[in-house]
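Trainee: Just passing along the structure, written as structure tokens.
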Amino acid sequence: MAKENNKILTAEQELKLRQPIDDYVGKIQAKINDLRENGTDKVVELQNDIDSAKRDHILTKQEKETAITKLKAELEKAKSIENQNKGEVSKLIADAEGYLKGNYDSYYQAVVASCREEKILAQEKYRKAVAALEKEHQETVAKMNSQNEIKEEKYVHKNRLFDAKMQLEKDLQEIKDRQHAAFDYKYHLIDMLRMSKFTFAESFAQRCENYKYTFNRRDFLLRNGLYIAIVIIFIILCAITPIIKNVPLLTYNNVLNILQQASPRMFLALGVAGLILLAGTDLSIGRMVGMGMTTATIIMHQGINTGSVFGHIFDFTGLPVPVKIIFALLMCIIFCTFFTTIAGCFTARFKMHPFISTMANMLIIFGLTTYATKGVSFGAIESTIPSMIIPKINGFPTIILWAVAAIAIVWFIWNKTTFGKNLYAVGGNSEAAAVSGISVFKVTVGAFILAGILYGFGSWLECIRMFGSGSAAYGQGWETDAIAACVVGGVSFTGGIGKISGVVVGVLIFTALTYSLTILGIDTNLQFIFSGIIILVAVTLDCLKYVQKK
């Protein structure tokens, strides 16, 4: 590219402009390297040698102890030299950093100004190229009489325009690379001086620069477009609610109510997220909630149960309240885990799609619970239980802390355990995972068992939050909310992709929108339409990301 503007630096001019920095810092770096040779560098080398000696299975115990003792003696000597030179090294580093602080910015700003002018020239070059192609195309078409020839010329012209566009993008990328390299070079010098030790501000500056350097608008919108749209919708709802209902939407109490409603649902979403991570799903969540609610209400019921189960009326009044609470939780977990384990075994053993196995579960659970209880509601639980398990402390609902604990535990399982790593591996490519020695059967069944435990906890917690009122019909449609929350949160149906933070965000988004629409008085049936649109858009964006990777 011709350098028509004196602000534009050639590669030689840029190197010449940076040369004083290289010379000054380079001399200091050479002195530091000499001081570190028998000190810090030797310490690192000897520590590695000691670690290697400890892992060496060829040496006898006596030989290993002798070698390690000798290396430790040398290590102490090297540390002594390191401590002697530490003050001088620190002075040299401070000198070099002071020089960089005073001189590097002028070099970098010159490169930035050069890149700015180069972008203008690149755009101008592109516009001229397009104008020339258009002129040539018009002249060529004017000389043609055959429609086939004109059609072919249009195709050729389109390709030439595309090539010109690609050349522009290539030129802009080279300019972008040049500016990024100039920014990064300073931190390369600091890296050499300090041996990869950066301050928080320096690390933050590098992360910001790397984000700008790698930023892609299309990728950003694919990842965050739905969130942006939902936030805009929520802002609009916050603006119109005071006008329509004369009450503010975004208040402290409303936020706590949203978090309180989201807490039991968080358990359900975290459970099904593991199944979606395996490219599966669970359609029985709502019926699990109904079964768990019914079970918990029967056990924690205030007085003798008014309804019967298979014609038998249960009476748990003889049990202490704490025993009732624990027994109800255990039974909820046992029932939910029993059914999810069955679905997991069918899915893993017979390669059955989770859609089928969990749909069968959904029908069986609902039919069994409805038949056993005749579909009646079992009334209220002991009045003291909610204040024992989820008390409000100064107006703060502690049910939120149960959800926080669940989030922390599932995050640990997903990210810090072998099972969690295997979960991602099987979800990403089950065949490759099997070849690498991972038991796909165990991982799949394990994910279903974990989901069952979380469903049991969630239904038990919801029972306490609602003071009982368990029935087979309770929880209808909750599976769509849980699955939608995961998809909106970025847990991909293609498998192997997802984060706990995304699930949390998804649950909060759906709960907040439902709460907002309810305050506005929007009909429940219309709320389903909103949920359906959000799910459709979320899955569409997820599919676009998958297609783009392919």
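Trainee: What ranking of TYR213, TYR107 emerges when the number of other C-beta atoms within 10 Å of each C-beta is taken as an exposure proxy, fewest first?
Mentor: Going from least to most buried by this count: TYR213, TYR107.
Trainee: Okay, helix-only estimate at 222 nm for the chain: each DSSP H run of n ≥ 4 adds -39500 (n - 2.57), divide by all residues, round to 500 deg cm²/dmol; what do you get?
Mentor: Calculated at 222 nm, the ellipticity per residue is -27500 deg cm²/dmol.
Trainee: From the backbone phi of region 464-481, what are the Karplus-calculated ³J(HN,Hα) couplings (6.51 cos²θ - 1.76 cosθ + 1.60, θ = phi - 60°) in whole Hz, Gly and Pro given as x?
Mentor: 5, 4, 8, 6, x, 6, x, 8, 4, 7, 5, x, 4, x, 5, 5, 5, 5
Trainee: Kindly put GLU139, GLU65 in sequence by how many other C-beta atoms sit within 10 Å of each C-beta, fewest to most.
Mentor: Lowest count first: GLU139, GLU65.
Trainee: Just how far, in whole angstrom, is region 474-499 from region 336-401 if you go by their alpha carbon centroids?
Mentor: So the separation of the two Cα centres works out to 17 Å.
Trainee: Structure shown: which of LYS31/LYS86; LYS125/LYS186; LYS16/LYS125 lie over 20 Å apart, alpha-carbon to alpha-carbon?
Mentor: LYS125/LYS186; LYS16/LYS125
Trainee: Please compute the modelled spin-label separation between TYR99 and GLN147, points set 7 Å along Cα→Cβ, answer in nm with one decimal.
Mentor: 7.5
Trainee: Same structure again: I'd like the orientation of helix 252-277 relative to the chain: the angle between its Cα long axis and the longest Cα principal axis, in ° from 0 to 90, rounded to 10.
Mentor: For helix 252-277, the angle is close to 80 degrees.
Trainee: What's the long-distance tail for region 220-549, i.e. % of Cα pairs beyond 34 Å?
Mentor: 25
Trainee: Right, here's the next one. I want to verify the translational diffusion coefficient of the chain in µm²/s; compute it with Stokes-Einstein, Rh as the Kirkwood radius over Cα pairs, at 4 °C and 1.567 mPa s.
Mentor: It comes out at roughly 44 µm²/s.
Trainee: While we're looking at this one, here's another question. Treating the beta-carbon of each Lys and Arg as +1 and of each Asp and Glu as -1, no other charges, what is the dipole magnitude of the chain about its Cα centre, to the nearest 20 debye?
Mentor: Roughly 400 debye for the chain.
Trainee: Ordered by packing density, taken as the mean number of other Cβ atoms within 10 Å over each peptide's residues, highest first, how do 392-398, 129-135, 331-337 rank?
Mentor: Order by mean packing, descending: 331-337, 129-135, 392-398.
Trainee: So who's got an amide H within less than 5 Å of the one on VAL309, skipping anything under 5 residues away but keeping other chains? H placed 1.01 Å off N, in plane.
Mentor: Amide H to amide H, under 5 Å and 5 or more residues apart or across chains, VAL309 pairs with PHE314.
Trainee: Counting only Cα, what are the radius of gyration and maximum Cα-Cα distance Dmax of region 64-193, in Å?
Mentor: Calculated on Cα positions, Rg and Dmax stand at 29.8, 94 Å.
Trainee: Here is a follow-up. Can you work out the Karplus-derived ³J(HN,Hα) for every residue in region 325-342? Use 6.51 cos²θ - 1.76 cosθ + 1.60 with θ = phi - 60°, whole Hz, and x for glycine or proline.
Mentor: 4, 5, 5, 4, 4, 4, 5, 4, 5, 4, 5, 5, 5, 4, 6, 5, 5, 4
Trainee: Compute the angle between helix 147-194 and the longest alpha-carbon principal axis of the chain, please, reported from 0 to 90 degrees and rounded to the nearest 10.
Mentor: 80
Trainee: Please give the length that would be gained between ASP51 and PHE355 if that part of the chain were fully extended, namely 0.36 nm times their separation in residues minus their C-alpha to C-alpha distance (nm, one decimal).
Mentor: Extending this stretch completely gives an extra 104.3 nm.
Trainee: To continue, here is another question. Report, in debye and to the nearest 20, how large the dipole of region 210-287 comes out about its Cα centre when Lys and Arg carry +1 and Asp and Glu carry -1 on their Cβ.
Mentor: 180
Trainee: Cα-Cα over 32 Å: which of LYS27/LYS197; LYS170/LYS197; LYS119/LYS151; LYS101/LYS128; LYS324/LYS374; LYS101/LYS212?
Mentor: LYS170/LYS197; LYS119/LYS151; LYS101/LYS128
Trainee: While we're on this one: Label ASN429 and THR384 with points 7 Å out from Cα along Cα→Cβ: what is the distance between them in nm?
Mentor: With each label point 7 Å from Cα toward Cβ, the separation is 5.9 nm.
Every number here is computed from the coordinates shown, using simple stated rules; none is lab data. What you see is a predicted model, and the numbers here were worked out from it, not measured in a lab. Using ideal geometry, Cβ is built from the backbone for each residue, glycine included, and neighbour counts are taken over all protein chains shown.
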